[in-house]
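Participant: Just dropping this structure here.
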Amino acid sequence: MIKFFQWIYTLYSALVFILLMLLFGLFIVLPILVHSRGDRISFVFIRLWAGIWAFLSGIRFEVEGKKRIDRSKPYIYIFNHRSFIDAPVIPMAIPQELRALGKKELSKIPFFGWVVGKLAIWVDRSSVESRRASLEKLISILENGISVVVAPEGTRNDSGETLLPFQKGAFRLAIDTQIPILPMAVIGADRIMKRGSILLRPGKVRIYFSDPIFPPQPSETAVNEFTEKCRNRLEAMHLTHE
């Protein structure tokens, strides 16, 4: 019986999400097409989309540590990816315009892929050339003063481990550009949508920001050491607040 009501709730929440996407989609895309910094307007509508959907779905957000973010500076945000609910969490939590690195498969979703694609860099993680091209795009974005967000685990964590092994691209990018990594721990998203399930339930997502971690100068060991340092920080944040 509980699962039956979960299915009803999930279908209702999905329908609300789609209707809001259709309502706000053009308002998200048009400002970017008109002006290179139209994303400031686009993010107003993205946050409306995510915020209204969350409110109507009974999902609440609690954010701590925003004071650690200097909104005038770009960062490379990293987060622990344990649920599809992480997607609306990001624009609600981060008080900056930004670009996200996303899996190419998402670009194939009708309309959603077109809307989100204006603010995302799609990458085929199985292709070395695609990964290289995405890093070049991210460098250009950061050089223009726009923050980026990356899930360094590379995929959703469906295991029992706190974090999966980290891909090194974000940390190599930080060292090359000398832009700091800013970890954010997302707690509770996997209780709203459990691992291995598409069913939703109401609940609260808590987001914690760390102090920025400034990258070292390039060296033979810098990428590995910096990756491990950032992973340890995010893992400690998760274990502390879970």
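The values are calculated or read from the model by the stated rules, or taken from the named source; none is laboratory data. Note that the structure is predicted; figures quoted are calculated from it, not measured. Ideal geometry is used to build each Cβ from the backbone, glycine not excepted, and the neighbour counts take in all protein chains shown. Ligands, DNA and RNA are stripped out before the accessible areas are found, and what is left, the full protein with its side chains, is counted by its heavy atoms. Shrake-Rupley method; radii C 1.70, N 1.55, O 1.52, S 1.80 Å.
Participant: Out of the residues in segment 106-115 meeting the condition of being open to solvent by 20 Å² or more (accessible area, probe 1.4 Å) and more than 15 Å from the chain's Cα centre (by Cα), tell me which one is modelled with the lowest pLDDT. Step through it out loud before you land on a result.
Facilitator: Residues of segment 106-115 that are open to solvent by 20 Å² or more (accessible area, probe 1.4 Å), as a first pass: 106-112, 114.
Pick out the ones that are also more than 15 Å from the chain's Cα centre (by Cα) and you get 107-112, 114.
Numbers: Ser107: 77, Lys108: 80, Ile109: 80, Pro110: 81, Phe111: 80, Phe112: 83, Trp114: 84.
The residue in question is Ser107.
Participant: Related question: What residue, among those in segment 116-138 that are of a type in the set (Val, Ile, Thr) and surrounded by 14 or more Cβ atoms within 10 Å (Cβ to Cβ), is farthest from Arg172 (Cα to Cα)?
Facilitator: Within segment 116-138, the match that is farthest from Arg172 (Cα to Cα) is Val116.
Participant: If I filter segment 142-154 for residues that are under 25 Å from Ala185 (Cβ atoms), open to solvent by 30 Å² or more (accessible area, probe 1.4 Å) and at pLDDT below 90, do I get at least one hit?
Facilitator: No: zero hits.
Participant: What do you reckon, is Glu97 surrounded by 17 or more Cβ atoms within 10 Å (Cβ to Cβ), farther than 25 Å from Asn232 by Cα and among the charged types (D, E, K, R)?
Facilitator: Considered against the rule, which asks whether it is surrounded by 17 or more Cβ atoms within 10 Å (Cβ to Cβ), farther than 25 Å from Asn232 by Cα and among the charged types (D, E, K, R), Glu97 comes out as yes.
Participant: Name the pairs whose Cβ atoms lie under 8 Å apart, with the first residue in segment 70-86 and among the acidic types (Asp, Glu), the second outside any loop (DSSP other than H, G, I, E, B), and 6 or more positions between them or separate chains?
Facilitator: Correct list of pairs: Asp86/Phe79; Asp86/Val186; Asp86/Ala189.
Participant: Which of the residues that make up segment 33-54 are among the small types (Gly, Ala, Ser) and open to solvent by 70 Å² or more (accessible area, probe 1.4 Å)?
Facilitator: Listed by number, the list holds a single entry, Ser36.
Results for (1) closer than 22 Å to Val29 by Cβ; (2) in contact with a strand residue (DSSP E or B) (Cβ under 6 Å, 6 or more places away or on another chain); (3) not hydrophobic (A, V, I, L, M, F, W, C), shown as yes or no for each residue.
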site: Ile109; (1), (2), (3): yes, no, no
site: Phe112; (1), (2), (3): yes, no, no
site: Asp124; (1), (2), (3): no, no, yes
site: Val128; (1), (2), (3): no, no, no
site: Arg132; (1), (2), (3): no, no, yes
site: Leu138; (1), (2), (3): yes, yes, no
site: Val148; (1), (2), (3): yes, yes, no
site: Ser159; (1), (2), (3): no, no, yes
site: Thr162; (1), (2), (3): no, no, yes
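Participant: Keeping to segment 200-224, report how many residues are under 30 Å from Gln6 (Cα atoms), assigned to a loop (DSSP other than H, G, I, E, B) and either without any contact (Cβ under 8 Å) to a residue 40 or more places away in the chain or touching a strand residue (DSSP E or B) at 6+ places or on another chain (Cβ under 7 Å) (or both).
Facilitator: So the answer is 1.
Participant: Looking at segment 121-178 only, could you name the residues that are assigned to a loop (DSSP other than H, G, I, E, B) and in contact with a helix residue (DSSP H, G or I) (Cβ under 6 Å, 6 or more places away or on another chain)? Spell out how you get there, then give the answer.
Facilitator: Filtering segment 121-178 down to residues assigned to a loop (DSSP other than H, G, I, E, B) leaves 124-127, 144-146, 151-168, 178.
Those that are assigned to a loop (DSSP other than H, G, I, E, B) and in contact with a helix residue (DSSP H, G or I) (Cβ under 6 Å, 6 or more places away or on another chain): Asp124, Pro152, Thr162, Leu163, Phe166, Lys168.
Participant: Regarding Val29, is this residue in a helix (DSSP H, G or I), in contact with a strand residue (DSSP E or B) (Cβ under 6 Å, 6 or more places away or on another chain) and surrounded by 18 or more Cβ atoms within 10 Å (Cβ to Cβ)?
Facilitator: Working: in a helix (DSSP H, G or I): yes; in contact with a strand residue (DSSP E or B) (Cβ under 6 Å, 6 or more places away or on another chain): no; surrounded by 18 or more Cβ atoms within 10 Å (Cβ to Cβ): yes.
For Val29, the condition - in a helix (DSSP H, G or I), in contact with a strand residue (DSSP E or B) (Cβ under 6 Å, 6 or more places away or on another chain) and surrounded by 18 or more Cβ atoms within 10 Å (Cβ to Cβ) - is not met.
Participant: Got a sec? Which of Phe61, Phe84 is part of a loop (DSSP other than H, G, I, E, B), open to solvent by 40 Å² or more (accessible area, probe 1.4 Å) and closer than 30 Å to Ser159 by Cα?
Facilitator: Every option except Phe84 fails the conditions.
Participant: Of the conditions (1) open to solvent by 10 Å² or more (accessible area, probe 1.4 Å); (2) outside any loop (DSSP other than H, G, I, E, B), Ser197 clears all except one; give me its number.
Facilitator: (2)
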